[in-house]
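Undergrad: Right, I'll just put the structure down here and ask away after.
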Amino acid sequence: MDNFAEYLVKKQPDSQDNFKKVAIFVALVLLCGATIYLTLVTQIPFILLITCAMIYGAYFLITGLSVEYEYAVTNDEMDVDKIIARRKRSHLITVDIRKFEAFGSLTADVPARDDGTLVLCSDNTGEGEYYADLTTEDYGATRIVFTPNAAVVDAITAALPPQLRRTR
């Protein structure tokens with residue numbers, strides 16, 4: 001029987017994301033004010049098209065800060081995709097669950113792994129986070145930090161190597 005589970009989690013904006021939104025909005029207000037003033041001074045209405053383009057650009061940038069992560073577990077393989085503003089999908093990583101060296105709930109007593117690549121694809125709340133340590137051909141020593149639901153955890157647990165399944 002096939003083992004399949006998927007889950008979509010939305011990344012919560014942090015202070016850096018909020019700062020970017022405010023900075024884009026302030027720049028938009030200043031630039032729109034300047035183009036409207038320039039239109040009034042030069043009497044060239046074409047400049048208002050530039051204002052419209054700037055408004056669309058600001059909208060595009062602000063909505064681009066909306067990020068979702070999709071976890072898909074199929075049998076013994078886990079795929080993680082990043083979805084930006086529901087308009088662009090990029091594949092982050094595909095891993096073989098049987099090659100996990102460690103897996104579990106991410107708590108304060110889990111030692112940090114500073115020697116490799118960190119794939120951070122959690123909801124940014126710090127609650128319900130799990131980690132998976134493994135070595136991949138592309139990234140070397142890798143830690144994946146993610147926020148799965150119960151179905152994804154069960155699907156991963158079913159595919160874990162026997163020595164990890166015993167410790168859970």
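Undergrad: Report, in degrees rounded to the nearest 10, the 0 to 90 angle that the Cα long axis of helix 15-42 makes with the longest principal axis of the chain.
TA: 20 degrees
Undergrad: Taking only Cα atoms, what is the 0 to 90° angle, nearest 10, from helix 150-159's long axis to the longest principal axis of the chain?
TA: In the chain, helix 150-159 runs at an angle near 50 degrees to the longest axis.
Undergrad: Here's another thing I want to ask about it. Identify all aspartates and glutamates with a Cα-Cα distance to Lys21 below 19 Å; exclude those on the same chain that are fewer than 8 residues away in sequence.
TA: The reachable aspartates and glutamates, counting only those whose Cα sits under 19 Å from Lys21, are Glu68, Asp123.
Undergrad: Starting from the Cα of Lys82, draw a straight line to each of the lysines and keep only those under 19 Å, dropping any in the same chain fewer than 8 residues away.
TA: Straight-distance partners of Lys82: Lys10, Lys11.
Undergrad: Turning to a different aspect of this structure: Using per-residue counts of other Cβ atoms within 10 Å, averaged over each peptide, order 40-46, 88-94 from highest down.
TA: Descending mean neighbour count gives 88-94, 40-46.
Undergrad: A follow-up question, please. Return the carbon/sulfur percentage of the accessible area of segment 22-168, one whole number, probe 1.4 Å, all protein chains in place.
TA: It is 61 percent, rounded to a whole number.
Undergrad: Under the definition of Cα pairs under 8 Å and six or more residues apart, what whole-number percent is the relative contact order of segment 14-67?
TA: Computed over segment 14-67, the figure is 41 percent.
Undergrad: Helix 47-63: angle to the longest alpha-carbon principal axis of the chain, degrees 0 to 90, nearest 10?
TA: 20 degrees
Undergrad: Using the reciprocal of the averaged 1/r over all distinct C-alpha pairs, how large is the Kirkwood radius of segment 1-124 in Å?
TA: Result for segment 1-124 stands at 18.3 Å.
Undergrad: Compute the accessible area per residue over the chain, keeping the other protein chains in place, probe 1.4 Å, unit Å².
TA: Each residue of the chain exposes 61 Å² on average to a 1.4 Å probe.
Undergrad: Quick check: the distance between the Cα centres of segment 1-67 and segment 135-168, to the nearest angstrom?
TA: Spelled out, the Cα-based centre of one part sits 37 Å from the other.
The values are calculated or read from the model by the stated rules, or taken from the named source; none is laboratory data. Owing to the predicted nature of the structure, the values given are computational and were not obtained by experimental measurement. Cβ coordinates were reconstructed from backbone atoms using ideal geometry, including for glycine residues, and neighbour counts include every protein chain displayed. Just so you know, the surface numbers come from the protein's heavy atoms only, side chains and all, with ligands and any DNA or RNA stripped out. Shrake-Rupley method; radii C 1.70, N 1.55, O 1.52, S 1.80 Å.
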